[in-house]
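**Q** Mind looking over this structure? Questions follow.
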Amino acid sequence: MRVNGTMSRVYKWFESRLQLEAPVKEAALHPVPRNTASWWYVFGSAAFTLLFLQIVTGILLALVYVPSAGEAWSSLNVLNHQIPLGWFLRGLHGWGSNFMVAIVLIHMAQVFLFGAYKFPRELTWTLGVFLLLMTLGMAFTGQVLRFDQDAYWGLGIGASIMSRVPFVGGGLVHLLLGGPVIAGATLSRFFALHVFIIPGALLLFALLHVWMVLKLGINEWPMPGRLVRRATYIDEYNKLAHEDGIPFVPGAFWKDLAFSGAVVAAVGVCTFVFGPFGPGGQPDPSIIQTVPKPDFFFLWIYTVLSYLPPQMETPFLLIAPLVAIATLLAVPFWAGEGEKSWHRRPVAVLAVSTIAICWGVLTHLGATTPWSPHMNAWSSDPIPVHYLQHATPLVRQGAVVFQVKQCRNCHSIGGNGGERGPALDDVATRMTIDQLRYKVVTGGGNMPAYGKNLSPAEIEALVSFLETLHPANEPPAYDASRRAVDESQSQPRPQSARPPAPPVARQTANRSANR
Amino acid sequence: MRFIALALAVFSVPLVAGCGLRPGYPPNPMLRPTAVTDFATLYNQNCAACHGQNGQNGPSIDLANPEYQALVDDATLRKWISGGMPGTEMPAFAQSAGGMLTSAQVDALIAGMRRNWQRPNAFDGVSPPPYAQAAVGDPVRGQSTYQARCAQCHEPTRDSANQQITSPRYLALVGDQALRTIIIAGRPDIGQPDWRHDSPGGQAAAPLSVVDVDNIVAYLASLRNLGQPAPASTASSHTTPAGR
């Protein structure tokens, strides 16, 4: 009793000065249309929750992280291994970032499909577009702070993209890197961006965004045929909210809470199971045994750049982002009225699904990078043992040539090796020995010409190895005109007068089995 | 309620993690590639493609053959690994020769091979011909020794005459030392006997003498020099390959 009395006196003391009760109550209890209390409306609040998770974990990380080129990498390893649960903290921040980008994108797609950007919520959408850009900016700068090989090369690629901007490119690179090259100043710059500048703006925009959501009301569930008109919409909405409405808290809010909790839990589980991201190898430009890859959300750009013909790269890199952003910003002004329901907006549905599918495919390709050679395959991927079981000495040497000339880096056999060229496990069924020789010597279609880099003996060994690459039950391709020549040359040689000894006999038996 | 349950779930995760069950715990910091000295890693990244997984059944010599390990000394291994083996496709691996390995890594490879593949008394007390050739061999004598000791197993048939060890094409890719190594230490993984068993059927026979080995290598070398690699268009190079 006494305690309660004291508590309420303290509360009153503060409340009479802060006067927060009325606005908070109003915000919490304001009526929202009953059907907006839907599981579809939870993504925005989840993104906001993740923002706070990122802020909290980020502050904790900043207590240990050293933003200097010499120490950043090792301070992350200290976090990973020497500070109790430091690895978990890094994991939460890294997974939180991935989840946040994903949830922001889903939120955006949902808002778009539900027509929630239409009058009077144009500005909410516009701020949302900037929030997306800032979230991506946080993801990119965060990846740079990891300052491992991926970060280093990713930054190099980012800088080379910037340098293509006409006239001011060089200046922009200088501004971004804090100098002409990636060095200590670069890291300080990205630290400031990641820790002060972008988060400050992000938080401000996010609060404004939420403020507008509260003030303008949560979008009603779109009904086919219920059109938005500037003249009448606000009255219609208020009528809907008051006649068939429920208070925001707890009517709709509990779903937000539950979903946010689930998302945070998912971040925790992912961290626990998969651990933090990197850091990968040391950021040292002299280490060239590296295949740098951007983080998940930028993989698709990586794919696009790999597939674009070189002369298209600059236009794509400089124009496409501007067009995309301009389109997003223009959407509410261009289609601010009219139909909200996705049932009546086939173009919108088609656009979202096309983008989602393209993004998925490009990301998958970016994750597997079939276009880049496996730089280690030539010395690390063994030839499957049974491919050589009955090989002749020359075929064995051919296999060595195949490895040493790094054919394996682009061509897999037995499932190992690069995927830039076709797998060669059954190449002999597709090509005759002359075609094989021609292909190796002249190359063509992204296959380098090896004519000048192979001695005649190496070429013969190589093609005799390739000629053995066919399934046991399927004979190799054979040129009919060859057969006649071979038959006419079939005089036995002097040495083969004696009966065959074991290994040769084995080979011969095998050979006739193949016929 | 549900939220509290979820929150508890989240916070219990690190607790479980503290108890040692933590699949996501990060691996040790990545070493720079030149700092790796683990034999298995080095071998699998740099050698396994040609010398086979675990040092056998690859297209090139089986480094795991205990007789080979007993025959060759560290300095020789270091020389071949660092600078490549002349006359063969064995590449140079030392940074000083344009490769990627430091001399500490080459030493780690040698030590690892010794640890994993060397066997005491691999020759049963018999001393083999020396690893390196000391005298000049006689190709004519070599030919007759070859006919007596090797030819029965190495018989070029019509189909594969130019794929066998007497073919200039093969010999153009294999140096004299590589041949010598194979004759002495054998290649158990492909059925080539050592110098004590070089005889029809691979039976134990009078071991090849030092001179025999010199001569056979000289004979094979003479075949190599004799052969201008046949121009692709005229050679009857089609051979039905051995299956697999």
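The values are calculated or read from the model by the stated rules, or taken from the named source; none is laboratory data. These numbers were taken from a predicted model, which means no experiment stands behind them. No Cβ is skipped: glycine too gets one built from the backbone with ideal geometry, and neighbour counts run over all protein chains shown. Ligands, DNA and RNA are stripped out before the accessible areas are found, and what is left, the full protein with its side chains, is counted by its heavy atoms. Shrake-Rupley method; radii C 1.70, N 1.55, O 1.52, S 1.80 Å.
**Q** With everything on Cα atoms, drop me the angle between helix A:122-145 and the longest principal axis of chain A, reported from 0 to 90° to the nearest 10.
**A** 50 degrees
**Q** Then there's this: Per the Cauchy relation, a quarter of the hull surface: what is the mean projected area of the convex hull of the alpha carbons in the range B:34-117, in nm²?
**A** The number I arrive at for the range B:34-117 is 5.0 nm².
**Q** So, one more: Per residue, what accessible area does the protein assembly as shown have, given a 1.4 Å probe and all protein chains present, in Å²?
**A** In whole numbers, the protein assembly as shown has 48 Å² accessible per residue.
**Q** Could you tell me the total accessible area buried at the A-B interface, probe 1.4 Å, in square angstrom to the nearest hundred?
**A** That pair hides around 7000 Å² of surface in total.
**Q** Using a 7 Å offset from the Cα along the Cα-to-Cβ direction at both residue A:216 and residue A:419, what is the distance between the two label points in nm, to one decimal?
**A** 4.4 nm
**Q** In whole Å and largest first, what semi-axes does the C-alpha gyration tensor of the range A:166-246 yield when each eigenvalue is scaled by 5 and square-rooted?
**A** One finds semi-axes of 48, 16, 9 Å for the range A:166-246.
**Q** In units of 2.2 N^0.38 Å, what is the alpha-carbon radius of gyration of chain A?
**A** 1.37
**Q** Follow-up question, since we're still on this one. Would you calculate the separation in nanometres between label points at residue A:318 and residue A:447, each defined as 7 Å from the Cα along the Cα-to-beta-carbon direction?
**A** Label-label distance for residue A:318 and residue A:447, simple model: 3.8 nm.
**Q** At 1.4 Å probe size, what's the solvent-accessible area of residue B:119? Round to the nearest 10 Å².
**A** That residue has around 120 Å² of solvent-accessible surface.
**Q** What is the mean number of Cβ atoms from other protein chains located within 10 Å of the Cβ atom of each residue in peptide A:455-464, rounded to a whole number?
**A** Mean partner-chain Cβ count within 10 Å for A:455-464: 6.
**Q** Find how many whole Å separate the alpha carbon centroid of the range B:183-210 from the alpha carbon centroid of the range B:74-134.
**A** 22 Å
**Q** Would you work out which of B:215, B:157, B:190 lies farthest towards the positive end of the dipole of the range B:153-224, given +1 charges on the beta-carbon of Lys and Arg and -1 on that of Asp and Glu, about the Cα centre?
**A** B:157
**Q** Let me ask you something else. Once you put a point 7 Å from the Cα of residue B:79 and another 7 Å from the Cα of residue A:157, both along the Cβ direction, what distance in nm separates them?
**A** 4.6 nm
**Q** Going highest first, how would you order B:126-138, B:189-201 by mean Cβ packing within 10 Å?
**A** Highest mean packing first, the order is B:189-201, B:126-138.
**Q** Taking only C-alpha pairs under 8 Å that are 6+ residues apart, what is the relative contact order of the range A:294-407 in percent?
**A** Relative CO of the range A:294-407 lands at 38 percent.
**Q** Moving on to the next point. Name the residues of the range A:236-275 whose accessible area falls by at least 50 Å² when all protein chains are present instead of the chain alone, probe 1.4 Å?
**A** Buried by 50 Å² or more upon assembly, which counts only protein chains, are A:272.
**Q** Now, a different point. Ignore the peptide's own chain and count Cβ atoms of other chains within 10 Å of each Cβ in A:397-407; give me the average, rounded.
**A** Counting other chains' Cβ atoms within 10 Å and averaging over A:397-407 gives 5.
**Q** What number, rounded to the nearest 500 deg cm²/dmol, is the helix-based mean residue ellipticity at 222 nm of chain A, given -39500 (n - 2.57) per DSSP H run of at least four residues and division by all its residues?
**A** Per the formula, -19500 deg cm²/dmol.
**Q** Can I ask one more? Please compute the contact order of chain A in relative form: average sequence separation of alpha-carbon pairs under 8 Å and at least six residues apart, divided by the residue count, as a percent.
**A** 18 percent
**Q** I've got another one for you. Relative to the Cα centre, what is the charge dipole magnitude of chain A, using +1 at the beta carbon of each Lys and Arg, -1 at the beta carbon of each Asp and Glu, and rounding to the nearest 20 debye?
**A** That gives chain A a dipole magnitude of about 240 debye.
**Q** Let me ask something else about it. Roughly what % of Cα-Cα distances in the range B:139-222 sit above 22 Å, to the whole percent?
**A** 16 percent
**Q** I'd like the orientation of helix A:72-81 relative to chain A: the angle between its Cα long axis and the longest Cα principal axis, in ° from 0 to 90, rounded to 10.
**A** 90 degrees
**Q** Report, as an integer, the average count of C-beta atoms from other chains found within 10 Å of each Cβ along B:37-49.
**A** Partner Cβ neighbours, averaged per residue: 3.
**Q** Just subtract the alpha-carbon distance of residue A:364 and residue A:21 from 0.36 nm times their residue separation and send over the number in nm, one decimal.
**A** Between residue A:364 and residue A:21, full extension yields 118.5 nm more.
**Q** Using alpha carbons only, how many degrees (0 to 90, rounded to 10) separate the axis of helix A:149-162 from the longest principal axis of chain A?
**A** Tilt of helix A:149-162: around 80 degrees.
**Q** Ignoring ligands, DNA and RNA, what percent of the 1.4 Å accessible area of the range B:98-146 is carbon and sulfur?
**A** Ligands and nucleic acids excluded, carbon and sulfur reach 55 percent.
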